[in-house]
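Quick notes on the structure that follows.
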Amino acid sequence: LLTLLGAAGEELGYDRMLRTSTTKRRTHSLLRQGIMLYELIPTMPEHRLLPLMARFASLLQQQTVFTEMFGII
């Protein structure tokens with residue numbers, strides 16, 4: 001789940017906020033990005049949080065294991 005959260009953040013460009021360098025390539029793994037974003041969620045402004053949660057939900061729905069296990073809920 002943290003890897004998917006990292007992927008959602010990277011697709012929205014939030015990875016730029018998490019790295020200190022100006023390189024274009026990934027400097028943190030998707031898991032690490034997910035951990036960092038998870039830690040930021042309680043203080044994240046709503047205008048950043050809502051798109052992140054929407055993209056995260058979309059990525060979760062694309063996962064067959066998740067939809068088969070929790071699809072009814």
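The values are calculated or read from the model by the stated rules, or taken from the named source; none is laboratory data. Note that this is a predicted model, so its numbers are computed, not measured. Methodologically, a virtual Cβ is constructed for each residue, glycine included, from the backbone with ideal geometry; neighbour enumeration extends over all protein chains shown. Calculation scope for accessible area: heavy atoms of the full protein, side chains included, ligands and nucleic acids excluded. Shrake-Rupley method; radii C 1.70, N 1.55, O 1.52, S 1.80 Å.
Within the set Arg26, Arg16, the sole residue that is in a loop (DSSP other than H, G, I, E, B), out of contact with any Gly (no Cβ under 9 Å at 6 or more places or on another chain), of a type in the set (D, E, K, R) and modelled with pLDDT under 95 turns out to be Arg26. Report, by residue number, each residue of the range 54-73 that is without any contact (Cβ under 8 Å) to a residue 40 or more places away in the chain and open to solvent by 60 Å² or more (accessible area, probe 1.4 Å). Of everything in the range 54-73, those that are without any contact (Cβ under 8 Å) to a residue 40 or more places away in the chain and open to solvent by 60 Å² or more (accessible area, probe 1.4 Å) turn out to be Ala54, Gln61, Gln62, Thr64, Val65, Phe66, Glu68, Met69, Phe70, Ile72, Ile73.
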